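One structure below.
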Number of protein chains: 2
Amino acid sequence: MLSYLCLIYGVILISILVIIYLAKYTFSQDKGTDKMQEISNFIKEGAMAFIKRQYKTIAILSILALFLIVFCNYLGNLSKGSSSAISISIHTGIAFITGAFCSALSGYIGMYMAVNSNIRAAAGAKKGLNHALQIALKGGAVTGLAVTALSLFGVASLFLVYGGISGNDTLIKEAPSLIVGFGFGASFVALFAQLGGGIYTKAADVGADLVGKVEAGIPEDDPRNPAVIADLVGDNVGDCAGRGADLFESTAAENIGAMILGVALYPIFGWKGILFPLVARAFGIIASIVGIFTVKVKDDKDDPMKALKKGFFITSLLNLILLFFVVKNMLSGTLSNGSTVNYLYLYGCVFAGIFLSYVFVLITDYYTSINRKPVKDIANSSQTGAATNIITGLSVGMESTALPVIFISICIFVAYKLGDLAMPGVANSGLYGTAIATMGMLSTCTYILAMDTFGPITDNAGGITEMSGAPEEIRVVTDRLDACGNTTKALTKGYAVGSAALATFLLFSAYLDEVKRILDKPLDSWFAIDIGKPEVFIGGFIGAMVVFLFSSTAIRAVGRAAQYVILEVRRQFNEIKGIMDGSTKPDYASCVDIVTKGALKEMILPGILVVFTPVIVGILLGKESAGAFLMITTIAGVIMALFLNNGGGAWDNAKKLIELGEHGGKNSEAHKASVVGDTVGDPFKDTAGPSLHVLIKLVSTLTLVFVTLFK
Amino acid sequence: MLSYLCLIYGVILISILVIIYLAKYTFSQDKGTDKMQEISNFIKEGAMAFIKRQYKTIAILSILALFLIVFCNYLGNLSKGSSSAISISIHTGIAFITGAFCSALSGYIGMYMAVNSNIRAAAGAKKGLNHALQIALKGGAVTGLAVTALSLFGVASLFLVYGGISGNDTLIKEAPSLIVGFGFGASFVALFAQLGGGIYTKAADVGADLVGKVEAGIPEDDPRNPAVIADLVGDNVGDCAGRGADLFESTAAENIGAMILGVALYPIFGWKGILFPLVARAFGIIASIVGIFTVKVKDDKDDPMKALKKGFFITSLLNLILLFFVVKNMLSGTLSNGSTVNYLYLYGCVFAGIFLSYVFVLITDYYTSINRKPVKDIANSSQTGAATNIITGLSVGMESTALPVIFISICIFVAYKLGDLAMPGVANSGLYGTAIATMGMLSTCTYILAMDTFGPITDNAGGITEMSGAPEEIRVVTDRLDACGNTTKALTKGYAVGSAALATFLLFSAYLDEVKRILDKPLDSWFAIDIGKPEVFIGGFIGAMVVFLFSSTAIRAVGRAAQYVILEVRRQFNEIKGIMDGSTKPDYASCVDIVTKGALKEMILPGILVVFTPVIVGILLGKESAGAFLMITTIAGVIMALFLNNGGGAWDNAKKLIELGEHGGKNSEAHKASVVGDTVGDPFKDTAGPSLHVLIKLVSTLTLVFVTLFK
């Protein structure tokens, strides 16, 4: 075990060194003109002010949740007659608060790097496309590495402290269940981070656009618009802080789920089955570091997206190679009937997972790319007005759910079968196969996260060059990076949904294991969630409904918060003379402040809804019903997230397509119609959709933590 | 048994007599001016031309399906070693074609009555609101009665012919399963009728509006618009023919499902348990007839909606009384342990069902009424443009799914518990409780259907008065009826979704019974659909996805068919001189023809999707997986239908609210924005939403018919 632990902590150390190197590289870059720095400082201040206030709110909510968890856990375990009720609840509480803290830290790092990299990427554009690309990607890579290394560190350390290092079989087997709280803490913070950030970013965007572009007739990113800084701040708090926390908890939840499953296979793999997910993650970090360093474009005409995709391919390939050895070394063992585990089948699961991540990127690309049929269809239908634009966009979004669902299904099915084949007759062997596939899919997550943070950095870089009136040749570079960043943001969302689906399937089996443990059934028995029973059907029914209700409240929250912005911008246009002719600066800070307050206020209701409903279902209708709730929430949540993300992405690019000159170009009737579609899509793809990823994982970890309370 | 049969056929006879009376009443009314008759004839011809061609297409599809059913059924039963494979498959085939025929006939009657009542209602408006109301409602009542009586006649007669009359226990118990094909035939035709009609009506509507209102700037229902007749035809083929077939199959499917469950309780209730649903339906018809005759308004200032709601209340109350005696007489028996069945608990289930139908009407009313918060919110948000109108509308639609789901859940739970309490320890007793609740809910369906058909009749009456340039006082009357008709259409949609959810829950248990029969398990054993198994999870996952994909294709179909209309209208405006100054008539027939062709072409793809996917899932992944598919399709389908119907209804009325003078009234910016929302909502509420009701029932009957083929 020691050698594997050295490996895990060694990789964490390497990550830290690489992070330091990358951060130094980024911070040593030129910060551009005074004008640029002034704008960048506005953004930085706004973002920091938001995150400070948001974290204060989240901290209060987390402490409330902490007491609830410890208390409920104690009560639940006590009523089950557990003698170690106090110890279990305290362990879970500590894990929760650690997870919450690390998740928040991940979000903070993501945002800090983004607001410091954007101006350097903008300034770096002077030296050409490659230079700017390097700055933006390396800034993003810091986030990617920090998030995954932190998640690995947290889970590994808690596992060790909670008994993993004891060498005692019983303690080792108990440890994974005790760190479930870590995952819950991470999802809890991620939910509010993503919701608050998502509401902020779109409220500012919609508000700025509606009054600025539509009413006052000034272009996007125009410094005369009082909400323009809030809009730029939004990209950071939504995409960086939000997605950082989201993927942090994805990796944490998936690790924990797989470790709990490893416990079920303890007779075969011993502690290796539990440690395998952590080792796999460590190798994934190494592969991603290599991948990130290979990205470069030759000259200014080269396609940055192609370079990023190449890096992704290299990372995947490297993972495929490295994981072969990990599987071979860790996942061999002897079955009770004397035959050995066929690790090649298990390696097939890795392959299935990595394949799925690839397919997801391809499908998302198809549905949201500017030169493919779906986006072209939407652009086409904009010619007959906003209504047909919306109708086509909605139907494209709905259609885009089909292929991902089919491929997730195939992946789960294949991995399950392979797991079964590798260990014929062993209970949970199929599920462990899907766990391995999930690890395969998430092995590239560091790279994906770097690519994702790259998006808002380039977006902001574009905004800064635009607002500072930088020369044309610089703006061409930042515009190209910005377009590329839009694509990476869409792709990583697709990836996040796919991995959420797999991770939840894992956590669901962990839930079943917990239920068996509570009912004192052997782990290799089967606990059925029979949807034919009315209370189970009802659990599932309510689970699907919560997805719709949550989306509704999230979307509405944006609308309401945007209203505050609209009123403030109108007020400033009316009261502050000289904004329009540029002689007076608008009051950016007050806009930032208003969106901050609005977003934080509006994130509470949907958050509460998600936290309480599954617990109420579990308490009123029982464990089986809560299991159905979890499963159907996942099903509906994944499909809804795909619909919202892809629909939103497609509308966005349909607008871009028209702006590039199709169907009359900018300011044509078609363009106006496409702006409507884009505005509708904004809360879809940047608020409700990404929050749904978090929701489905939160529900899984939540039910795991509260299962002792359920009837 | 004989006395009950006399009762059933007696009620059918009474229905026929009342139908003749009502039809005579309607046809004896004044047909108005020549101008009115000319327009009405256009509508009549268009509607008949559509339905003729549509039925030809459906007939071909049905015959193909018939061969497939007989063949697959034969194969499936043969492989199970059944000696009566030929007999079973032929019985099912005959039932299918009978169901298909009756469903088509229901649609035809609905449409025939509508196109003949509309002009008489328009002409009757001269004599005041009450007179017009009576004509429209009585015309609608013919449809309501014809549909339910036909369904009752079909199911009862097939049951008798297939062994019900034999007096032989075994034959009586086998009969209900053999008439499943009737339900499938009905849903099969209903799906295409609703899809084709739904696509037609909205393609014509959107097409007429986009070119007429938006491009040419002429008002709605203006005779200069070449698509105006197609638009009016659409209301008849979509709402009348489509909804007629839809509710025909709801009642048929629910009857069959309850009868199959009755077989499971044969040891307790004997044939009475099987016949109970038919007797309950017969009394429901009587109650509805009384209800319909009580509707009247005192003077022109009276609210017609209040009168209709009063009629609904009377019908419900009467049902509540009548069903008490039915339950008391038919559902008593002795359990194997000697105790008697507590029929009061079973009567509680009736109450739950009728209560649910009431709650559904209230909730739908809240979300779509012009003077409630949701619609006001949408109207408000129209002030900041189309985008905010759409965002608010979508989120209202999503939110509106919450309460119905909660109340369906409560109803299922309560009815299940009451069933259990009535017959403690008896297998399937709980399910029979939900069956009784479903019958309670559907007991008012004749009245609901009359109210529903009332909608398109008044809508057309409004159109005819508008186009014929009738005097102001007549138009005021028809406008009021039209507004009232919009509300009844929305309410009946809510009712249809709710009853579909209950009916499917019933059919699901029938499915489980069939599976047990095939596996040679006793009917009182339990067959679990365990969602924790990967193939079952996958079945459910694909089931939810199909709902999104189907909605997407249905919505897209409208868009595509509307394009044909737009091009044709533009062509006529360009090529036919004198349309705009009124000197030449546009070529209405060619528009009607083009929409007809377009709608029929576009209905094939979504239809095929729904028919084949569950069969493929069943064949590839097995019976349990198909069961999950069925359940999750129901869950997702009900929620999606609520979202689409209520969202669409709310947008529609938000526009109406603004047209009544709010936020600047007609032609204001807010009005333009609200028109966009209304247009988006059209395919939601009139194509995809209603088709989803049919879809969920079709999937249930389909899996029942093909279950022998499943792995």
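Which whole-number percent is the relative contact order of chain A (Cα, under 8 Å, 6+ apart)?
Values: 1382 pairs, mean separation 150.5, N = 711.
Relative contact order comes out at 21 percent.
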Label point 7 Å beyond Cα along the C-beta direction, distances from A:L64 to other copies (nm, shortest first): 5.8
Net charge near A:S151, counting Lys/Arg +1 and Asp/Glu -1 over other residues with Cβ under 12 Å of its Cβ? -2
Nearest 10 degrees, 0 to 90: what angle lies between the long axis of helix B:623-659 and the longest principal axis of chain B (Cα atoms)? 20 degrees
Using a label point 7 angstrom from Cα along Cα-to-C-beta, what distances in nm, from shortest up, separate B:L519 from the other copies? 1.7
Excluding A:G433 itself, calculate the net charge of residues whose Cβ lies under 10 Å from the Cβ of A:G433, where each Lys or Arg counts +1 and each Asp or Glu counts -1. 0
Enter the angle in degrees (range 0 to 90, nearest 10) between the Cα long axis of helix A:85-124 and the first principal axis of the Cα atoms of chain A, meaning the one along which they spread out most. 30 degrees
Going 7 Å from Cα along the Cα-Cβ axis for the label, what nanometre distances separate A:K306 from the same residue across the other copies? 7.4
How about region A:401-430: which of its residues lose at least 10 Å² of accessible area in the presence of all protein chains relative to their chain isolated, using a 1.4 Å probe? A:T401, A:A402, A:V405, A:I406, A:I408, A:S409, A:I412, A:F413, A:Y416
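Just to confirm a number: summing +1 for Lys and Arg and -1 for Asp and Glu over residues other than A:N380 whose beta-carbon lies under 12 angstrom from that of A:N380, what do you get?
Details: positive: A:K373, A:K376, B:R560; negative: A:D377, A:E662.
So the environment of A:N380 carries a net charge of +1.
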Give the residue from A:A387, A:I109, A:F276 lying farthest towards the positive end of the charge dipole for region A:2-709; charges sit on Cβ (+1 for Lys and Arg, -1 for Asp and Glu) and the dipole is referred to the Cα centre. A:F276
B:K298 paired with A:V476, simple spin-label distance in nm, labels 7 Å along Cα-to-beta-carbon: 8.0 nm
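With charges set only on the Cβ (+1 for Lys and Arg, -1 for Asp and Glu), what does the dipole of the protein assembly as shown come to about its Cα centre, in debye to the nearest 20? Walk me through the numbers on the way to the answer.
Working: 108 positive and 106 negative charges, 311 e Å.
That gives a dipole near 1500 debye.
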Alpha carbon centroid spacing (whole Å) that separates region B:598-639 from region A:608-674: 22 Å
Note the angle between two axes, namely the Cα long axis of helix A:588-621 and the longest principal axis of the Cα atoms of chain A, as a number of degrees from 0 to 90, rounded to the nearest 10. 30 degrees
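For the protein assembly as shown, report the accessible area per residue in Å² (1.4 Å probe, heavy atoms, rounded to an integer). Don't jump to the answer; show the numbers that get you there.
On the way: 42480 Å² over 1422 residues.
Result: 30 Å² per residue.
Please state the charge dipole magnitude for region A:2-709, taken about the Cα centre, from unit charges on C-beta atoms (+1 on K and R, -1 on D and E), reported in debye and rounded to the nearest 20.
Values: 53 positive and 53 negative charges, 175 e Å.
Here the size comes out at about 840 debye.
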Can you list the residues in region A:623-637 whose accessible area drops by at least 50 Å² when all protein chains are present, compared with the chain alone? Use a 1.4 Å probe, heavy atoms only. A:I635
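Under the definition of Cα pairs under 8 Å and six or more residues apart, what whole-number percent is the relative contact order of region B:342-433?
Details: 76 pairs, mean separation 34.2, N = 92.
Reported as a whole number, the value is 37 percent.
Ballpark to the nearest 100 Å², how much total accessible area do A and B bury together, probe 1.4 Å?
Numbers: alone 24250 and 24190 Å², together 42480 Å².
That pair hides around 6000 Å² of surface in total.
Rounded to the nearest percent, how much of the accessible area of the protein assembly as shown (1.4 Å probe, protein heavy atoms only) is carbon and sulfur? Provide the component values of the computation, followed by the final result.
Values: 27110 of 42480 Å².
The computed percentage sits at 64.
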Would you be so kind as to identify which of B:M451, B:G494, B:F527 lies farthest towards the positive end of the dipole of region B:436-543, taking Lys and Arg as +1 and Asp and Glu as -1 on Cβ and the Cα centre as origin? B:F527
Among A:L195, A:V375, A:G140, whose Cα lies farthest out toward the positive end of the dipole of region A:2-709, if unit charges sit on the beta carbon of Lys, Arg (+1) and Asp, Glu (-1)? A:G140
Per residue of A:376-384, what is the mean number of Cβ atoms on other protein chains within 10 angstrom of that residue's Cβ? 2
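The values are calculated or read from the model by the stated rules, or taken from the named source; none is laboratory data. Computed from a predicted structure; not experimentally measured. No Cβ is skipped: glycine too gets one built from the backbone with ideal geometry, and neighbour counts run over all protein chains shown. Note: areas computed on protein heavy atoms with side chains; ligands, DNA, RNA excluded. Shrake-Rupley method; radii C 1.70, N 1.55, O 1.52, S 1.80 Å.
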